[in-house]
Structures are given as structure tokens and as C-alpha cells.
Amino acid sequence: VDLRAAIAQTLRDSTHTLIVCHVAPDGDCLGAGLALAAALGRVQKPATVASTDGVPPSLAFLPGVDRVITELPEGEPAPVVVTIECPSPDRTGRFAPALGTARTVIAIDHHEDHVPYANLTDWDPSAAAVGEQVAEVIERLGVEIDRPIALSLLTAVVTDTGVFRYTNTTPHTLRLAADLMERGATVHEIVRMVYEEQRASTLRLQGHVLSGLQLHCGGAVAVGLVTRDMLAESRAGPEETSGIAAILRTLAGVRLALLFEERDETVRVSIRSRDGARADRVARALGGGGHPAAAGAEVAGDVGQVLERALGLAVHELKEAQRDS
Ligand SMILES: [Mn+2]
């Protein structure tokens, strides 16, 4: 039996479904989660989207964000819980207890490092976005995709492919995007809302970080550093660092880009890679995870120590990539 048909049937049989995004949610998980909730609403099946870290301002245009919950509700637990790209239960943040009280847990994920924990697992690392997988579940629900659902799904696809620039973009991705545009969503409005409504503080912070750019390994490794002072001087929040690692990767000759963000007791490391180097291998060695081209980790210690350790791993990864090719 078709797995996604079984998932659709389970959702149709559920009196209430809790759809849980991962911590620090992105356009893919929120878009996919909101699209699934909207689709269930169309067939009179109540569904709630949950996100420990709420909704980032750049995604506030997504239909239904006003109903996203950030705390586990009291009362009757949801009989069915769907996790959206959570490779392990802890990625659900404060909603992890809901997995224990649910009758059925469904995991939909495209992350390489997924460790099975659900009753039904739709795991497809070849999917460009989890939104591609959710689009197929919605199709099996028999729901006509309308403009709000299309906008959410297209946001998932657009953001996880870096606007169709990353290697994960396939003909299937573009066909789905075309279908969603025929349902009334546009790529332009998403690009405008997500990437072209930036704050001055974000650009100032990028300026600080880029002016301190370091190159290692003959220019194959780019390193950026976000100190607490830089955040204060730019009047930027810690969430405004997203996108800097991707900028570092655009440099000619760079195969691994590493961004280090000074936090209270830890250092947040964001890793981007290309041309055969694997960001996820470096991230896993640091105790984190992610995709081959984009990964990250939160590492205890001061920034100098963490930088030295990560650079050692980056050198090792360049050798590994050489051997793989
Ligand atoms: Mn994703």
C-alpha cells in the first residue's frame, strides 16, 4: 500500500491533528506545515500547527500564521501528531511530550540524518523540500490546492532551493512550482517577502562580518565571525545572521563556508558547502547535523576553541571529498 495514501487515511480518520515544526523553523517546515493544516481544514479535519520558536517575521505573510501555537496546549492530547522535518524527537522542542501521548506519530522529513521514531515515516532525502512530500500527501487527501495552500507549498520549495539555485532543484521541483503558480501563488511575492524586505541592521551586520572575512586552505575555506559586539553595534538580533554563511559560499574557490556566532555558553556554527565537500559531515563531527550542502551545530566552548576545532574538521573534510571524487 502507498505510504502517503496510508498517511492521508490516518489524517482523515483523526479527530484532531497536531502538526509540529522543528525548532528555529524555516520556510520549508512552516510552509509545509501550514499547507497541510489548511488542506485538513478543507475536509473539516481540525489541525493545529505548533512551533516552539514561533514564526520568523520574514514568514509572517504565510496564510494561517496567526493560529500557530508555541506552547503545548492543556487538555485532551492530539491523537495524531505529524512532525515536519524533525530528524529526531528533540527537534520538536517543547512539543516533544505530544509524541508520547499521541496514538499515531507521523514523521515527514527529507533530512539525511533522520533516525526513525514515528509509527509512519515518510523519509525522502532526495526531496528538495519537505513541501514536495507534503504536496503529495495533500493530493492523496483529495483536496484541491487553492491559493493559500499553493502559497505555503511554493514558499517551502522556493526557500529550500535558494530560489531554485541549489543542486537539490530537480525537474520535479520545477513542475510542482509551475503547478502551484497555476493555483495562484507567485515566486515573485515570496522572493519579495522573504529576501527583499531586509532591515538596515541585517545589512550592517553582514558588512561587519564580511569585512572580517578570513580565508584558509588556499581559499577553499571561508570563515566569518559574529561577535556579541558586532550584534550590538549593528543593533541586530541573533536571528539576523541567517544568510551570511550562504554569502560566504559565493566566493570564487570556496568549497566550505563556516560562520561562527558567539552565544552565551556556546558557539553556533553554520556550514555551507559545494563542489563535493560535505557540510553535514563537518556538522556531525561537531555534534550537529543537516544536509550535504547546508548544516550546522551548536558547540560548547569559546569561539577561538570552536573555530580551531572546526577548521581542523574542514581540512579533513576537503581531503575526504578529494577521496570521494
Ligand atoms: Mn527542508
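None of the figures in this text is laboratory data; all of them are computed from the coordinates on show. Being a predicted model, the structure only gives us computed values, none of them experimental. All Cβ positions, even for glycine, are placed from backbone atoms using ideal geometry, and neighbour counts span all protein chains on display.
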* May I ask you to list the GluC sites (Glu not before Pro) in region 223-319 that are in a DSSP loop and have at most 14 other Cβ atoms within 10 Å of their Cβ? => E265
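Ranking T202, T101, T155 by Cβ neighbours within 10 Å, fewest first, what do you get?
Values: T202 18, T101 14, T155 31.
Fewest-to-most ranking of T202, T101, T155: T101, T202, T155.
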* Structure fact -> Per-residue Cβ contact counts at 10 Å, fewest first, order F61, F260 as F61, F260
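Nearest 5 percent is fine: what portion of the DSSP beta bridges confined to the chain is antiparallel?
Values: 19 of 43 bridges.
Roughly 45 percent of the beta bridges in the chain run antiparallel, per DSSP.
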* In order through region 160-173: 3J(HN,Hα) via Karplus (6.51 cos²θ - 1.76 cosθ + 1.60), integer Hz, x for Gly, Pro -> 6, 9, x, 6, 6, 9, 7, 5, 6, 5, 10, x, 4, 4
* Asked: Looking at the chain, which Cys residues are left with no other cysteine's beta carbon under 4.7 Å from theirs?
  -> C86, C217
* Structure fact -> Whole-Å distance linking the alpha carbon centroid of region 145-177 with that of region 47-78 is 22 Å
* Of the GluC sites (Glu not before Pro) in region 129-218, which ones lie in a loop per DSSP and count no more than 15 other C-beta atoms within 10 Å? -> E144, E196, E197
* **Measure of compaction for region 100-220 (Cα Rg per 2.2 N^0.38 Å)** => 1.35
* Structure fact -> Sequence order, region 240-257: Karplus ³J(HN,Hα) from phi using 6.51 cos²θ - 1.76 cosθ + 1.60, θ = phi - 60°, Hz rounded, Gly and Pro as x, gives 7, 7, 5, x, 5, 4, 5, 5, 4, 6, 6, 5, 4, x, 6, 10, 9, 10
* Structure fact -> Listed residues A60, A47, A127; largest mean-square fluctuation, Gaussian network over the chain with Cα springs below 10 Å, found at A60
* Structure fact -> Footprinting proxy, R94, R175: sorted fewest to most Cβ within 10 Å, the residues are R175, R94
* Search the structure for amide H atoms under 5 Å from the amide H of R199, placed 1.01 Å from N in the peptide plane, and list their residues when 5 or more places away or on another chain. => none
* Asked: What residues qualify as long-range amide H neighbours of V20, i.e. H under 5 Å apart, gap of 5 or more or another chain, H built at 1.01 Å from N?
  -> A50, V82, T83, I84
* **Directionally averaged shadow of the chain, computed from the convex hull of its alpha-carbon atoms, nm²** => 16.7 nm²
* To do: Calculate the radius of gyration of the Cα atoms of region 10-152 to one decimal place, then report Dmax, the largest Cα-Cα distance, as a whole number, both in Å.
  => 13.4, 38
* **Cα centroid of region 1-39 to Cα centroid of region 197-265, whole Å** => 34 Å
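To one decimal place, what orientation-averaged projected area in nm² is obtained for the convex hull of the Cα set of region 236-309? Don't jump to the answer; show the numbers that get you there.
Working: hull surface 19.5 nm².
Convex hull of Cα atoms, orientation-averaged projection: 4.9 nm².
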* Asked: Where in region 13-39 does the amide nitrogen come within less than 20 Å of the point 7 Å from the Cα of R183, taken along Cα to Cβ?
  -> 13, 17-21, 26-39
* What's the Kirkwood radius of region 174-325 in Å, using all Cα pairs? -> 16.4 Å
